[in-house]
Amino acid sequence: MCPAGQPPRRRRNLLKNSTNDRLPILTIVNAKAINPEDAQTGYAQFHKGIAAKLVPDPYGLLAKAA
């Protein structure tokens, strides 16, 4: 058994697909990209128990990729 619990070929394919933007990572992990101006609102939502991960995106690159 491999240390990560996946066979080496499957890990390699997963890594290759995620680095070549073939997998919508933000959607898979239920993440929401926020810019620094919305950080106050994001922290308030986080403390209320929002069911999403908040990822800072200061340059807007994640919004363009999605």
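The values are calculated or read from the model by the stated rules, or taken from the named source; none is laboratory data. As the structure is a computational prediction, the values presented were derived from the model and not from experiment. Every residue, glycine among them, receives a Cβ derived from its backbone with ideal geometry; neighbour counts consider all protein chains shown.
When region 35-52 is filtered for residues that are among the polar types (S, T, N, Q) and in a helix (DSSP H, G or I), the ones remaining, listed by number, are 40, 41, 45.
Of all the residues in region 53-65, those that are in a loop (DSSP other than H, G, I, E, B), surrounded by 11 or more Cβ atoms within 10 Å (Cβ to Cβ) and at pLDDT below 85 number 0. The single residue among 53, 32 that is in contact with a helix residue (DSSP H, G or I) (Cβ under 8 Å, 6 or more places away or on another chain) and basic (Lys, Arg) turns out to be 32. When region 11-29 is filtered for residues that are surrounded by 11 or more Cβ atoms within 10 Å (Cβ to Cβ) and touching a helix residue (DSSP H, G or I) at 6+ places or on another chain (Cβ under 7 Å), the ones remaining, listed by number, are 18, 23, 25, 26. Assessment of region 11-21 against the conditions (at pLDDT 85 or above and either of a type in the set (Val, Ile, Thr) or over 23 Å from residue 62 (Cα atoms) (or both)) yields no matching residue.
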